[in-house]
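The structure appears below as structure tokens.
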Amino acid sequence: MFQSKNLMLDIEQQLTNIGTILKLKNKSVDGIWLRSSCPLSTWTHGHGADNMPSFGIVASDFGFGFHCFSCGHKGRDLDSLLYLLEQFTGSDYEEERERLTRIKYSIAFPDYETWSNTTVQREKLNPLPKEIYLTLYEDAWDIEESRNYLVGRGITEEACKKLELKFDRNENRILFPVFDSKGDLFGFSGRAISDKEKLRIKDYAGLPKKHMLLGEHFIDKTKPVLIVEGLFAYAHLFSIGADKLCNPIALMGASFSQEKVDKLKSKFLVMYLLLDNDMAGRLATYGDSCKNGLANLLAQETPTFVIQWPEGKDDPDQLSFDELQNLMKSAKLFFIKPLTKKYKNDINKSRSNYKKYEYKYNGY
Ligand SMILES: [Zn+2]
């Protein structure tokens, strides 16, 4: 993989220099990796320290990337790390920046992409300092590229501001800040504005996704919850004013965790399910036996309605306010009738047989 032993030694030397410049603690260099205690741990780790070195700087074909496997902070360049340090410490890192730019090398490493896309979720649920994170990125409406993208997807300025959408210029992503019910910030989920981008959705700052529901901080207990899958379905609902009717909540994917189900149940609110009209959405709604789908899990605790898609529509993005209101009015209360033998056989034969059972197992 490496062209020469000398080059490898050179990279190890460079990593050692980087560790010295950044004053990293407990550091060791091995191949393309420098491991150390996380320099952000004072602000981002549970006990304010990282005694088990969980932070790494890696040499890649992009340059030097960093990643903390504990707090989840990562970036493709050391400049982003310096920026974070400046925000947290309030001091200037110009000297370090200057010294780091003098460290250069070039070689193609294949591993960085795979490595950097590993989803790291913080297990300890500590909120992030909002005053820092919400100023790290610019408001999405203020930047032409992201505003054009939002307008193209039917997102209004009012919705963009209400949801506090941000834009990451380096990665060209619209960032959705994710808050808990108290309004504490836990990270961002970012959607690439180019459909050519391989990784359409990328999470930031170690977002503990399995614990989070997007929109939870807006919940108004006098209205039902409307559950959708994706970021833009959620932003669309706010853009058409659906929040006057209900509390839009996004699962941030078509799958759901037990933690999300428990959170939803604990609201004791009427639930409406509006997952995408495709196989993944139907599987999440009904499960593979009707019992382990989200509809049934919620229906055990609270009245749960499943919205039936009208002909020709398959995504909440396509609905107007009036259409949504009518669909909610005509949605059927979910409960399970005993499964027939034929149902079980059909399901075993093919998962595509779902659709014809939706209506049958949904309603009185
Ligand atoms: Zn860390």
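Derivation of every value follows stated rules applied to the coordinates shown; laboratory data play no part. Bear in mind that the values here come from a model prediction, so they are computed numbers and not experimental data. Glycine also receives a Cβ, built like all others from the backbone with ideal geometry; neighbour counts cover every protein chain displayed.
Of note:
- Gyration tensor verdict on the stretch 44-92 (Cα atoms; rounded if a/c is under 1.5, prolate if a/b is larger than b/c, oblate otherwise): oblate
- For the set Lys74/Lys244; Lys162/Lys263; Lys260/Lys291; Lys130/Lys313, the pairs lying more than 28 angstrom apart at their alpha carbons are Lys74/Lys244; Lys130/Lys313.
- Net charge contributed by nearby residues that have their C-beta within less than 15 Å of Asp322 (K/R +1, D/E -1): +2
- For the stretch 166-229: rounded, prolate or oblate by the Cα gyration tensor [a/c cutoff 1.5]: prolate
- Under 20 Å from Lys223, Cα to Cα: aspartates and glutamates that are on another chain or at least 8 residues apart: Asp180, Asp243, Asp262, Glu301, Asp322, Glu323
- Centre separation in Å (Cα based) which lies between the stretch 150-167 and the stretch 227-289: 20
- Relative packing of peptides 144-150, 301-307, 234-240 - highest average C-beta neighbours within 10 Å first: 234-240, 301-307, 144-150
- Tensor-based shape of the stretch 167-325 (alpha-carbon gyration tensor, a/c under 1.5 rounded, otherwise prolate or oblate): rounded
- Derived scalar couplings ³J(HN,Hα) [the stretch 317-332; Karplus, 6.51 cos²θ - 1.76 cosθ + 1.60; whole Hz; x for Gly, Pro]: 4, 8, 9, 8, 4, 5, 4, 4, 4, 5, 5, 5, 5, 8, 5, 9
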